1. Which listed residue (Ala176, Pro190, Asn129) has the Cα farthest towards the positive end of the charge dipole for segment 126-193, taking +1 on Lys and Arg C-beta and -1 on Asp and Glu C-beta about the Cα centre?
2. Which net charge results for the neighbourhood of Ser216, defined as the other residues with beta-carbon distances under 11 angstrom from its beta-carbon, given Lys and Arg at +1 and Asp and Glu at -1?
3. Given all pairs of different Cα atoms, what value in angstroms does the Kirkwood hydrodynamic radius of segment 12-312 take?
4. In what order do Met195, Met133 fall by count of nearby beta-carbon atoms within 10 Å, going from fewest to most?
5. In percent, how large is the relative contact order of segment 53-151, given Cα pairs closer than 8 Å and 6 or more residues apart?
6. Quick query: amide H of Val8 versus all other amide H atoms, modeled in the peptide plane; which residues come in under 5 Å with a sequence gap of 5 or more or a different chain?
7. Arrange the following residues from fewest to most other Cβ atoms within 10 Å of their Cβ: His42, His197.
8. If the reach is capped at under 23 angstrom between alpha carbons, list the lysines near Lys155, excluding any in the same chain fewer than eight residues apart.
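Quick note: the coordinates plus some simple rules give every number you see, no bench work behind them. Here the structure is a predicted model, which means the values were calculated and not measured. Virtual Cβ from ideal backbone geometry, glycine too; neighbours counted across all protein chains shown.
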Amino acid sequence: AQPRPPAVALAWTPEEGFARRDWNGYNEAMLVYLLALGSPTHPVDEQAWTLWTSSYDKYWGTLYDQTYLSFAPLFGHQYTHVWVDFRGIQDSYMREHGLDYFENSRRATYAQRRYAIANPKQWQGYGKNVWGMSASDGPGPARESNLGGDRRFLKYAARGVALGRIVDDGTIAPTAAISSLPFAPEIVLPAALEMYHRFGTSIYSSYGFLDAFNASFPGPQSPPQPTLPGWVDQDYIGIDQGPILAMIENYRSALVWRVMHGNSYVREGLERAGFSGGWLEQSPLGPTPPPPGPPEQYPLVQNPLTAAALLAQSPLAPTP
């Protein structure tokens, strides 16, 4: 998978062979490089991680009151974290900048919420508890005269906020906020509860939250109202639902992280990438850091079937 070593190619198909582009940081492919470094049979050279991080400086800066390594859609700050516990472990880049990737993802989560509060494009529904952009379906392609201007609505797109890149058409993906639950439960739990209470069954159905919604897109109601989305995706997308499930469990018990602590390939990949500290200093079978844990007003849901009942009994009232 390295036609241009030490980089890893973006893809391979039988028809076309290797893609002409390689994976370069910073994004969701951090896990690709860690597994490649930890491979017991075909490990890549350690310079692969040096190359991966060589572009980081382009994305490091301050955005919406947060200084962090940015990537626009939140999935880039979440996918590798589904499997790897980055609390307290650092590579050379993070050591130089005084944080770890877990804290970086927390800051990215806060930046997206702050963007929604500022709401520079004045979309319907955005606020302190309705936020979250990631790769998701959308109502487009379409253009509408909306809120005093010509607005472009996208179809499937990687929406989000980063240095030099903002992709925002008013579409909220619940997975964006909820999959950040371990990083910032104090803002994610209110967001999940608010979206559930405000929009109800229009965005929440048999398998939880539908993939995305847009309160500004012209729909059955006219004009659009912040309490009833004009467009709601009718799909559940596995790559969005999966991180919701796994990150809820990491928040509850750190289960996935604890299992991966004992995975020799993950540990080898992290160590060859220069990570140290935290749980990497312990025996693979030794104690692991406790899960983040919920604030007292949000009790753990021991039985997933009671989740809807817990939401219905939430102490949070919908935001006017």
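1. Value: Ala176.
2. Values: positive: Lys121, Arg151; negative: Glu144, Asp168, Asp169.
Charge balance near Ser216 sits at -1.
3. Working: mean 1/r = 0.0494 Å⁻¹.
By the Kirkwood definition, the hydrodynamic radius is 20.3 Å.
4. Numbers: Met195 25, Met133 28.
Exposure proxy ranking, most exposed first: Met195, Met133.
5. Numbers: 91 pairs, mean separation 24.4, N = 99.
Dividing the mean separation by the residue count of segment 53-151 yields 25 percent.
6. The answer is Trp23.
7. On the way: His42 8, His197 17.
If I rank by nearby Cβ atoms, fewest first, I get His42, His197.
8. Lys121
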